[in-house]
1. Here are a few candidate values for log10 I(q)/I(0) by the Debye sum over Cα atoms at q = 0.09, 0.15, 0.16 Å⁻¹: (i) -0.55, -0.92, -0.97; (ii) -0.28, -0.73, -0.82; (iii) -0.35, -0.81, -0.88. Which one was actually calculated from the structure I just gave you?
2. Going by accessible area, probe 1.4 Å, with all protein chains left in place, what is the ranking of ARG11, ARG96, largest first?
3. Local charge sum around PRO97 (other residues, Cβ-Cβ under 9 Å, Lys/Arg +1, Asp/Glu -1)?
4. Rounded, prolate or oblate: pick one for the stretch 1-71, where a ≥ b ≥ c are the square roots of the eigenvalues of its C-alpha gyration tensor, a/c under 1.5 means rounded, and failing that, prolate if a/b is larger than b/c, else oblate.
5. What dipole magnitude, in Debye to the nearest 20, does the chain give about its Cα centre under +1 on Lys/Arg Cβ and -1 on Asp/Glu Cβ?
6. Positive end of the charge dipole of the chain (Lys, Arg +1 and Asp, Glu -1 on Cβ, about the Cα centre): tell me which of ASN3, LEU15, PHE84 has its Cα farthest that way.
7. So how far apart, in nm, are the two label points at ILE120 and LYS61 if each is 7 Å from Cα heading toward Cβ?
8. Any idea what the relative contact order of the stretch 22-71 is, in percent, if you count C-alpha pairs under 8 Å spaced at least 6 apart?
Amino acid sequence: MYNASNNELVRTKTLVKNCIIQIDAVPFRQWFEAHYTTPLGRKKAKLSEAEEAVLNKKRSKKTQKKYDERKKVAKVEQPLEDQFATGRVLACVSSRPGQCGRCDGYILEGKELEFYSRKIKAKKGK
């Protein structure tokens, strides 16, 4: 998607440290929904029966209290929620993916997401 140092790396799809990539949001959304029991990036409560069952299944009082505490802090910023709705999120590579073929990174949020979204839109506008 974006690389600050060289556009050729984007064209050849070379992964280097600190490049911005677009990844599938489904595994992250599934973890968030299981951990906080709150839907993320969904259109107005369109859940299948299986997903509804996972969010509203019967739990013990202790477990339900734990999930209620988590729900209080389960806030996601609107730009990030929009990305989850589309099914793709922007991430930054934090490792140096080289010989072993492993790539670690983090999902962009806040000011960093805003900055790189603006850069990508400007690049697409050229």
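The values are calculated or read from the model by the stated rules, or taken from the named source; none is laboratory data. These numbers come from a predicted model, not from an experiment. Reconstructed Cβ throughout: ideal geometry from the backbone, glycine too, with neighbour counts over all protein chains shown. Side chains are part of the model used for accessible areas, which takes the heavy atoms of the whole protein and leaves out ligands, DNA and RNA. Shrake-Rupley method; radii C 1.70, N 1.55, O 1.52, S 1.80 Å.
1. Derived directly from the coordinates: (iii).
2. Details: ARG11 165, ARG96 200 Å².
So the residues, ranked largest to smallest area, are ARG96, ARG11.
3. On the way: positive: LYS17, ARG96, ARG102; negative: ASP104.
Charge balance near PRO97 sits at +2.
4. Details: a/c = 4.44, a/b = 2.69, b/c = 1.65.
Since a/c reaches 1.5 and a/b is larger than b/c, the shape of the stretch 1-71 is classed as prolate.
5. On the way: 29 positive and 15 negative charges, 41 e Å.
It works out to roughly 200 debye.
6. Result: PHE84.
7. 4.7
8. Numbers: 20 pairs, mean separation 21.6, N = 50.
That works out to 43 percent.
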